[in-house]
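Data block below; observations after.
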């Protein structure tokens, strides 16, 4: 039975590493994997924000009473047409990113529940008889 391996330490001398203990390469790869996944989630979040911004911007037109009222109020407060449009665009950005965060959290929760079910399915069922017979243990 393999209890471990020898590998070279920082000083160049062989060091015994227990079997199952993470090596330096694995410990270095773990944060890299986490950062890569976070970057992927960030990319997903930004893509969904662009999608939601596009959907919201398509609804802002001359036929939309709420949009025209908001632009009218901004014009009445002294904003020019470009400034009013920029303010509305920024509001759409905020709403799009908020909606994208909600989408990412919903996707994460679905994946979390799916992983719980996967763990439950892969764990073997323990019989109640083995639990009842503690064999003299406390």
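Each peptide among 105-118, 88-101 gets the average number of other Cβ atoms lying within 10 Å of its residues, and from highest to lowest they stand as 88-101, 105-118.
Computed from the Cβ-Cβ distance with R0 of 22 Å, the FRET efficiency linking residue 36 to residue 89 stands at 0.10. Length gained on full extension, residue 115 to residue 103, computed as 0.36 nm times the residue gap minus the Cα-Cα distance: 2.5 nm.
Its residue count N fixes a reference of 2.2 N^0.38 Å for region 18-123, and the Cα radius of gyration divided by that reference is 1.73.
Any read-out appearing in this document is the output of simple, stated calculations on the displayed coordinates, not a laboratory observation. Bear in mind that the values here come from a model prediction, so they are computed numbers and not experimental data. Methodologically, a virtual Cβ is constructed for each residue, glycine included, from the backbone with ideal geometry; neighbour enumeration extends over all protein chains shown.
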